[in-house]
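To start, the structure itself, in structure tokens.
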Amino acid sequence: MSVFSPELTTREATVPLASFIKPFHAHYFSRTVGTPFRKRKYAFAGLPALMPLVRAFLDTSAAERSPDYRFLFTLLGSELANNAIAHSLSSEHGQTYSLTVDRGATGMTLTCQDQGTRHPMAPGPLTATDLPVLTTETGAGMGQGIGLGLVNALADRWGDNGNPKFRQVWFHLSYDLTHNPWSQINTEEGEVDC
């Protein structure tokens, strides 16, 4: 007869993130310039603990670009992944979401497909009018639903398929960040140039 031990349910196990990577996809997470690609796709378990793996995937996908581009692409991609975990069925036991990177001549497009919304939602695309306005006040409360606001503010274009059952949210980020609001940020002084 086995006896249930409540203290075992509160223990955590540490597992190397590499154990979640299929061997033939290891180069997706190396954070180094690798074999050129046109399209790269990976399905992630909907676990917040795997976000370092997501960031490594995004950073590696943009490895041949400038440090600013890599950072911005990884930041915006992480927001899409966080939204899939926070707002969709992808975070349910055994579920996944996928990230697809399309690399073009002028920029990269990232698409995040989740398993559908947790709450009933009418079909139709998300729009910028549905998003909170980014201000110093909303920025101070990070985690208050401003992820797509960041995507709206910093990506060249973004959108979704309008299907709440299998939502695909995407953004395109041009390699040339000259006219991107990101380039107006003075990183040395932490101020925004006006």
Mind listing the long-range amide H neighbours of Arg157? Cut-off is under 5 Å, sequence gap 5 or more, other chains count too, H placed in the peptide plane at 1.01 Å from N. His172
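Give the peptides 105-112, 80-87 in descending order of average Cβ contacts within 10 Å, highest first. Could you put the intermediate results ahead of the total?
On the way: 105-112: 18.1, 80-87: 21.1.
Packing order, densest peptide first, comes out as 80-87, 105-112.
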Reachable lysines from Lys22, criterion Cα separation under 26 angstrom, eight or more residues apart if same chain: Lys39, Lys41
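Each value in this text was obtained by applying a stated rule to the coordinates, not by laboratory testing. Fair warning: this is a prediction, and the values are worked out from it, not measured in the lab. Quick reminder, even Gly has a Cβ in these numbers, built from the backbone with ideal geometry, and neighbours come from all protein chains shown.
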